[in-house]
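Nothing in this text is a laboratory measurement; each read-out follows from the coordinates by a stated rule. Keep in mind it's a predicted model, so treat the numbers as computed, not measured. Quick reminder, even Gly has a Cβ in these numbers, built from the backbone with ideal geometry, and neighbours come from all protein chains shown.
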Amino acid sequence: MTDPLRFDTLPKDLTLAENFDVFLCNGYSLPSFAIAFLKNEANTFEAKEDDVYVVSYPKTGTTWLQELVYLVHSNVDLETAKKVDLSTRFPYIEHARTNYSYVKTMPSPRLLKTHLPFSLLPQDIHKKQCKMIYITRNPRDVAVSYYHFACMLKETQYKGTFEQFFQRFIRSRATYSPFLQHNLEFWNHREDKNVLFLSYEGLKTDLPANIKKIADFLDRHLTPEDINAIVQYCDFKSMSKKEAAAKETDTGIDEKIGKFFRKGEIGDWKNYFTPDMIKSLDEKVEEVLQDSGKDGINSLRRSWPVLGCSAEEVEVSYFVFNFIKR
């Protein structure tokens, strides 16, 4: 973190059904435990040169990518993956439930997860050029997935409508926002030798090819049989049935409301977005593109192919979906 840390708090907005204040650090909305990590732990956080970090904005496919990375890195150790929960194999470094002492004493090589943006990562991670794998996802699907997650999460117990949550997302009030800047920071480092930039849509479209990318990045040699075994284990339907993979959040999810692994579809946003929402998000993308002074987001959004859907297609899809719901 080369820039000084600037902290601020925005009061909760009841018109957006918020039941908690919004905590900021350098313009990013962060959960209170991440604020505590940055204040108390980040400066003394000791990275190791063989650390591997999965980094993401929430609800972009993080858990899926963690399991993929674990299996590639461990040379397809399926037995451990089945027996040991993901939070133990792949801890979330800034979360309050993470035992900092455990992370510090983990044997090398360590696999670690964070939702912090590039600019807020502990400086020692950058200094030691640790390998980082970042995943992006179409922001429309992210907003929908994040809404359902916020409703299930006991920490937030969000009771608002999707329209209200969308306004939180677009106004960068949802935790780890702003989404576009979070993505752009890593996109601008995609050519760094220690960064691998992936997309959720890419994993869905060609999982074996992306497993090969991960293996090459981590200097692991996998046979076609190894890759097939990982594909079978990490198929979405298979993942959704595995308690160990989802156990990371089991104490924080109210399963009476929904499941951690919900749909995993590309394009589910068409069932939720109104034409006005799509217009607002497109305008936000253009705003960030203008402010960036480069074609970063313009290139980045090629990773989100469904952004090409017209407002008319959205309107028809939204009407049909809501008609069926009656």
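Which of rounded, prolate or oblate describes region 53-117 when judged by the alpha-carbon gyration tensor and an a/c cut-off of 1.5?
Values: a/c = 1.78, a/b = 1.15, b/c = 1.55.
It comes out oblate by the Cα gyration axes.
Cβ-Cβ distance of Glu225 and Lys193, R₀ of 30 Å, FRET efficiency by 1/(1 + (r/R0)^6): the value works out to about 0.55.
What does the charge count around Lys104 come to, taking other residues whose C-beta lies under 11 Å from its C-beta (Lys +1, Arg +1, Asp -1, Glu -1)?
Working: positive: Lys48, Arg110; negative: Glu41, Glu46.
So the environment of Lys104 carries a net charge of 0.
Here the Karplus relation 6.51 cos²θ - 1.76 cosθ + 1.60, evaluated at θ = phi - 60°, turns the backbone of region 129-141 into coupling constants of 6, 5, 6, 10, 10, 10, 10, 10, 7, 3, x, 5, 5 Hz, with x for every Gly and Pro.
If a/c stays under 1.5 just call it rounded; otherwise compare a/b with b/c (prolate if a/b is bigger, oblate if not). Do that for region 97-159, with a ≥ b ≥ c from the square roots of the Cα gyration tensor eigenvalues.
Working: a/c = 2.79, a/b = 1.61, b/c = 1.73.
Oblate is the answer for region 97-159, as a/c is 1.5 or above yet b/c matches or exceeds a/b.
In this structure, the amide hydrogen of Leu30, modeled 1.01 Å from its nitrogen in the peptide plane, lies closer than 5 angstrom to those of Phe23, Leu24, Cys25, Tyr176, counting only residues at least 5 positions away or on a different chain. The modelled label-to-label distance for the pair Lys128/Asp216, using points 7 Å beyond Cα in the direction of Cβ, is 2.7 nm.
Between Glu287 and Val84, the simple label model (points 7 Å from Cα in the Cβ direction) yields a spacing of 4.5 nm. In sequence order, region 109-123 has phi-based couplings of x, 9, 10, 9, 10, 8, 9, 5, x, 3, 6, 10, 5, x, 4 Hz under the Karplus curve 6.51 cos²θ - 1.76 cosθ + 1.60, θ = phi - 60°, and Gly or Pro positions carry x. Shown is the FRET efficiency for Lys48 and Thr161, computed with R0 = 45 Å from the Cβ-Cβ distance and rounded to the nearest 0.05: 0.50.
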